């Protein structure tokens, strides 16, 4: 696999993981009754968004997921040929 492909696939893993990790640990004004809402603020707007924490968690989980993906690509643990998709095909009468 070329280095550009590795970088592009890692970036995809990173972006997908960022969206999966982002909502963890956030609190809304409804969760914390001490924070006043600003006029026009959405009820779901976070009051404690910490981007550096999200970046650290995303990088950690994306690196682990990409390492598993790359190891599978190198060693061929799971391949498309390992799965029998013909069992779901219903023969026509």
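The values are calculated or read from the model by the stated rules, or taken from the named source; none is laboratory data. Only a predicted model underlies this, so the values are computations on that prediction, with no experimental measurement involved. Neighbour counts are summed over all protein chains in view; Cβ atoms, including those assigned to glycine, are modelled from backbone coordinates with ideal geometry.
When you scan region 35-45, do you find a residue that is surrounded by 12 or more Cβ atoms within 10 Å (Cβ to Cβ), at pLDDT 95 or above and either within 18 Å of the chain's Cα centre (by Cα) or not in a helix (DSSP H, G or I) (or both), even just one?
Within region 35-45, not a single residue is surrounded by 12 or more Cβ atoms within 10 Å (Cβ to Cβ), at pLDDT 95 or above and either within 18 Å of the chain's Cα centre (by Cα) or not in a helix (DSSP H, G or I) (or both).
Checking the structure you have, find out if any residue of region 81-91 is in contact with a helix residue (DSSP H, G or I) (Cβ under 6 Å, 6 or more places away or on another chain) and free of Cβ contacts under 8 Å to residues at least 40 places away in the same chain.
no
Quick one: in region 1-34, of everything that is in a loop (DSSP other than H, G, I, E, B) and within 23 Å of residue 56 (Cα to Cα), which residue is nearest to the chain's Cα centre (by Cα)?
Here the residue is 22.
Here's a check for you: in region 49-59, which residue that is surrounded by 11 or more Cβ atoms within 10 Å (Cβ to Cβ) and modelled with pLDDT of 90 or more is farthest from residue 35 (Cα to Cα)?
Result: 59.
Tell me which residues, restricted to region 60-89, are under 25 Å from the mean Cα position of the chain (by Cα), surrounded by fewer than 10 Cβ atoms within 10 Å (Cβ to Cβ) and part of a helix (DSSP H, G or I).
74, 75, 80
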